[in-house]
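Novice: Sharing a structure below in structure tokens format, with a few things to ask.
The values are calculated or read from the model by the stated rules, or taken from the named source; none is laboratory data. Quick caveat: nothing in here was measured; it's all calculated off a predicted structure. Here the Cβ positions follow ideal geometry from the backbone for every residue, glycine too, while neighbour counts run over all protein chains shown.
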Amino acid sequence: MKKRYFILYSFVLVLLLFVLGSCSKLETDNSLVDTNIKEEHQMESSTSANKDRSPTSNNDSDNLDNHSNSNSTSASNLNESTAENTKIESNEDSQESIKEESESITKNFDLESYLNTNYLIDGTHYKIKSWGEVEGTNRIDYRVDIVPDTKEFSAEITKIFKSGEPYGDKRTETMMNIARNILTDLPEINNKVHIDSVNWVSYDGEFEVMLIQDYEQSTISE
């Protein structure tokens with residue numbers, strides 16, 4: 001009877017040890033599984049974080065580049081705009097300056113001095129006479145006289161004109177050409193001027209020849 005209980009106790013003990021050992025192994029395996037799962041989870045988390053971080057970093061870099069490019073473009077556009085505005089202002093100032101200079105020349109224009117300075121003929125000088133404003137325009141009508149400086153020169157030139165051959169002498173030919181230039185040039189130089197005629201007048205005023213006349217007022221364009 002005692003032997004039977006002993007065998008029963010032994011069997012129960014072996015079974016208990018077997019159960020305990022199985023539980024211990026199961027716990028160990030579960031622990032290893034948990035550890036592996038945890039490590040895998042950490043690796044996945046790390047990888048995911050790196051992936052998330054990398055695009056963000058690239059985006060940040062792109063944003064910085066775009067911002068830099070945007071600033072550069074803005075600065076370039078600003079410089080171009082400033083240069084264009086400066087150019088426009090410069091052109092406007094230049095045009096305004098030309099206009100003011102032209103108005104000043106027109107207002108203070110001295111026709112007689114201008115002719116004596118720019119249309120020189122040896123042995124002569126110019127005198128002018130105004131006929132008043134040309135009807136329907138804002139131009140003043142002028143008669144221009146070429147007058148000799150001396151009696152001797154007056155006698156020589158008058159003799160040539162009386163002969164009826166003004167192009168037969170270099171001096172009178174020059175006068176004819178300059179008279180034509182005066183008639184056509186002056187209305188272009190000053191829009192307040194119209195030259196009615198250019199004349200040769202002797203020293204004593206007793207003899208005169210009309211060298212050219214704009215009787216049709218063809219030099220007035222307005």
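Novice: In the range 182-205, how many are hydroxyl-bearing (Ser, Thr, Tyr) and surrounded by fewer than 16 Cβ atoms within 10 Å (Cβ to Cβ)?
Specialist: 1
Novice: On to the next question. Only one of these is at pLDDT below 95, under 26 Å from Ser221 (Cα atoms) and acidic (Asp, Glu): Glu133, Glu165. Name it.
Specialist: Exactly one of Glu133, Glu165 is at pLDDT below 95, under 26 Å from Ser221 (Cα atoms) and acidic (Asp, Glu), namely Glu133.
Novice: Do the conditions hold for Thr150, that is, is it surrounded by 14 or more Cβ atoms within 10 Å (Cβ to Cβ) and over 22 Å from Ser221 (Cβ atoms)?
Specialist: Considered against the rule, which asks whether it is surrounded by 14 or more Cβ atoms within 10 Å (Cβ to Cβ) and over 22 Å from Ser221 (Cβ atoms), Thr150 comes out as no.
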